[in-house]
Amino acid sequence: MPNLKIGALAERTGTNAPTIRYYEEIGLLRSADRQSGGQRVYGDADVKRLSFIRRCREFGFSIDQVRALVALVQDPQSSCMHARDLAQEHLTAVRAKLAELKALERSLAAFIASCDTSCAGGPGPDCVILDDLSKGCGSVNAVSKSARSKRPSRSG
């Protein structure tokens, strides 16, 4: 088992030192052993666990979800279906976020198109983008519809 200092662990796992200390603080990573000078030292098991945590975070799992996944790894009695259920829950949330981002994309495109047709280059206070943003609509879809409604008709 190698005695890695925090910098070497960080380099090996692609995780910075403050994050490693944070993971220790919240219990995702065991508290490191200490050398006589007080420096943290880590072993192969720490590299493996931190790599797992890092990979989970790269997939966007929350700290609580990572904690649950780590618990599953440590429990020989756990079922693969628990990990599947956590991944399915996360996938559902990711898909919902994608739908929100698509709506945001449509709204921004509508803002730009409306500005291009109505006020491009005109005075700022007359800008349809600034006007729509100042209305404080609660929904991206409502903003998108508002921006589209300000476009002049093609017939006239």
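Taken together, the values in this text are just the output of simple stated rules run on the coordinates, not laboratory data. Bear in mind the structure is a predicted one, so any value in this text is a computation, not a measurement. All Cβ positions, even for glycine, are placed from backbone atoms using ideal geometry, and neighbour counts span all protein chains on display.
Here are a few things to note about the model shown:
- Per-residue extension of 0.36 nm, minus the Cα-Cα distance of HIS82 and LEU104, leaves a gain of 4.6 nm for this segment.
- Using R0 = 41 Å, the C-beta based FRET efficiency linking GLU89 and ASP126 works out to 0.30.
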